[in-house]
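Notes for the one structure printed next.
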Amino acid sequence: MAYTSSKQAAKLKQSRQGMWSSRWLFVLAAAGSAVGLGNIWKFPYIAGENGGGAFVVVYLGCVLLVGIPIMIAEVMLGRAGRGSPVHALRNLIESAKASSFWRVIGWLGIGAGFLILSYYSVIAGWALFYIWQMGSGVLVAVTPDQAGKLFSNFLSDPFQLVFWHTLFMALVVWIVSKGVVKGLENAVRICMPLLFLLLVVLLVYSAQSGGFEQAFNFMFSFNWSEMHLDGFLVALGQAFFTLSLAMGAIMAYGAYVSEETPIISTITTVAIIDTSVAIASGLAIFPIVFANGLDPSSGPGLMFVTLPLAFGQMPGGMVFGALFFLLVSFAAITSAISLLEPLLAYLVEEYNAKRKRVAVSMGVLCWTVGLGSVLSFNVWAEFYIVGDKTFFDFVDYVTQNIMLPLGGVLIALFAAFVVPKEVVAEQLGLRGGFVSIIWNLLIKLIAPLGVLAVFCYTIYTTLYLPMTA
Ligand code: TRP
């Protein structure tokens, strides 16, 4: 039973936007949201920059102790409140007679999702561009210099970037406008199995490249001396980003979950899939990097310069390179739809608006904000919002380092201290005992304190260090 009065329940039912057809479709959709550029583009390069193995361990700790509990809390809030994040919170606040301050979680989430999508679409557009570049053979046997030039020339051309950004956003809008079953489910039904298949194909291909052992050692040997305090911050930020946490995406998906679905085991499965894909992506990418004598810590360019270069020099690289970027694009699409869903669900429920119309208008708005990120790589490259941050850097920084951790702490505290104990017990199927103790320990103490500590450190480094530097 959802935690709402019968009148509310009737109203919600009327505005309800759909339900997942099965528990497994929810797993696929949540995994689709989680697995994205964060796993394939970001994870390998930040692991590379932060010393490999030691970083991977800290990251796994963050997923286990902070990520999974907050993800469980989100699904629980979405399902118990039955509505878009804003409505779900409103319903829960009313039932618990809590302060309306907590509604900030919903708004913060919608704002963060919108902002993240605006630049996510720009980067995903690069992946679309590279499917076509790899496939057309332009990169066959290029020198490192030429591969770097191709990428920088591409970035310096705003029209090219806008073209691919537009194409990606249009795909996303087209999918979400079709609704939960026809849009979201069909997208994950097609994209996710293909993604797993492509990943396996690439792993096999990489394993034969000759750099596998070195890659394995790089990712799993613990070199603590290379792990700095900053690494903890990056690891936690990555755990949030990769699990799609703290902005209501998973809460919005939670609203479409049936009462019978066991939340804890389902979400643990999603987190395992997400982590496996991140590790597998590292194991697919680093062997190619090492086999070609390239630098594993080459930053964001790892995927767009290093890999195309490596693929261009390998037998069959044209086909496998194109497949690789196809995989990245699939992963990005199923994530992007989850960034838009909370906002759409809110507008549809609040104004009884037509889903298609809302999807198109919000897509256009988000696309427009994305132009700022497009220009950050060329015309506005020297235009800094604060410090040395371009528009793109700024939006990325504010969402990932401020809005997501803040949302995360609030979600944990709300689930831990505002939602009545009985509701939590019912939602999560807790019957006292060991699981309840662990749950309470994680959600009341470890998750909020962990995020808070890292958050304070971010604020400290942002405000204090630039002055002393
Ligand atoms: N998790 C996705 C990735 O790893 C990105 C993403 C989708 C996301 N929805 C989100 C990130 C919500 C933060 C919040 O690429």
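The values are calculated or read from the model by the stated rules, or taken from the named source; none is laboratory data. What you see is a predicted model, and the numbers here were worked out from it, not measured in a lab. All Cβ positions, even for glycine, are placed from backbone atoms using ideal geometry, and neighbour counts span all protein chains on display. Heavy atoms of the whole protein, side chains included, go into the accessibility calculation; ligands, DNA and RNA do not. Shrake-Rupley method; radii C 1.70, N 1.55, O 1.52, S 1.80 Å.
Angle between the Cα long axis of helix 23-34 and the longest principal axis of the chain, 0 to 90 degrees, nearest 10?
Long axis of 23-34 versus the principal axis of the chain: about 50 degrees.
For labels at residue 208 and residue 166 in the simple 7 Å Cα→Cβ model, what's the distance in nm?
So the label points at residue 208 and residue 166 sit 4.1 nm apart.
Starting from the Cα gyration tensor of the stretch 352-435, take the square roots of the eigenvalues, sort them a ≥ b ≥ c, and report rounded, prolate or oblate (rounded when a/c is under 1.5, otherwise prolate if a/b is larger than b/c, else oblate).
Taking the square roots of the gyration eigenvalues as a ≥ b ≥ c, the stretch 352-435 is oblate.
Between residue 217 and residue 421, what is the label-point separation in nm under the 7 Å Cα-to-beta-carbon projection?
5.4
Kindly provide the pair-distance distribution of the chain built from C-alpha pairs, with 10 Å bins from 0 and whole-percent values in order of increasing distance.
Result, from short to long distances: 4, 21, 31, 27, 13, 3, 0 percent.
Please compute the contact order of the chain in relative form: average sequence separation of alpha-carbon pairs under 8 Å and at least six residues apart, divided by the residue count, as a percent.
Result for the chain is 34 percent.
Working out 0.36 nm times the residue gap between residue 189 and residue 201, then minus their Cα-Cα distance, what length gain in nm do you get to one decimal?
Length gained between residue 189 and residue 201: 2.4 nm.
How large is the accessible surface per residue of the chain, computed with a 1.4 Å probe and reported in Å² as a whole number?
40
Taking trypsin sites (Lys or Arg not before Pro) that fall in a DSSP loop and have at most 12 other Cβ atoms within 10 Å as cut points, what is the longest piece of the chain between them?
It runs 98-353.
Compute, for the chain, the length of the dipole vector about the Cα centre, with Cβ point charges of +1 (Lys, Arg) and -1 (Asp, Glu) only. Units Debye, rounded to 20.
1780
Scan around residue 389 for amide H atoms under 5 Å from its own, H built in the peptide plane at 1.01 Å from N, and keep only partners 5 or more places away or cross-chain.
Residues meeting the criterion, in which the H sits 1.01 Å from N, do not exist here.
Once the other residues with Cβ under 13 Å from the Cβ of residue 372 are scored (Lys, Arg +1; Asp, Glu -1), what is the net sum?
Cβ neighbours under 13 Å give a net charge of -1.
How much length would be gained if the chain were fully extended between residue 361 and residue 268, taking 0.36 nm per residue of separation minus their Cα-Cα distance, in nm to one decimal?
30.0 nm
Is it possible to state the helix-based mean residue ellipticity at 222 nm for the chain, with each DSSP H run of 4+ residues giving -39500 (n - 2.57), the sum divided by total residues, to the nearest 500 deg cm²/dmol? What is it?
So the helix-based figure for the chain works out to -22500 deg cm²/dmol.
Rounded to the nearest 0.05, what FRET efficiency do residue 94 and residue 224 have when you use their Cβ-Cβ distance and R0 = 41 Å?
In this case the efficiency is close to 0.25.
Give the carbon-plus-sulfur fraction of the accessible surface of the stretch 281-334 in %, rounded to a whole number; probe 1.4 Å, heavy atoms of protein chains only.
Looking at the stretch 281-334 in its full context, I get 71 percent from C and S.
With unit charges on the beta carbon (Lys/Arg positive, Asp/Glu negative), name the residue among 76, 407, 348 whose Cα is farthest towards the positive pole of the charge dipole of the chain.
Positive-most Cα among the choices belongs to 348.
To the nearest 10 degrees, how steeply does helix 68-81 sit against the main Cα axis of the chain, on a 0 to 90 scale?
For 68-81 against the chain, the angle is about 40 degrees.
If you fit an axis through the alpha-carbon atoms of helix 6-15 and take the longest principal axis of the Cα set of the chain, what angle between them do you get, 0 to 90°, nearest 10?
So the helix axis and the longest Cα principal axis differ by about 30 degrees.
Beta carbons within 10 angstrom, averaged per residue: use that to sort the peptides 377-383, 162-168, 83-89, highest first.
Ranked from most to least packed, the peptides come out as 83-89, 162-168, 377-383.
Through the Karplus equation 6.51 cos²θ - 1.76 cosθ + 1.60, θ set to phi - 60°, convert the phi angles of the stretch 87-94 into ³J(HN,Hα) values in whole Hz; use x for Gly and Pro.
In residue order, the calculated couplings are 6, 4, 5, 4, 4, 5, 5, 4 Hz.
Using per-residue counts of other Cβ atoms within 10 Å, averaged over each peptide, order 44-53, 315-324, 332-341 from highest down.
The packing order, highest mean first, is 332-341, 44-53, 315-324.
Can you give me the solvent accessible area of residue 396 with a 1.4 Å probe, rounded to the nearest 10 Å²?
Using a 1.4 Å probe on the heavy atoms, I get roughly 40 Å².
Taking a temperature of 25 °C and a viscosity of 0.890 mPa s, what whole-number D in µm²/s does Stokes-Einstein yield for the stretch 270-397 with Rh from Kirkwood over alpha carbon pairs?
137
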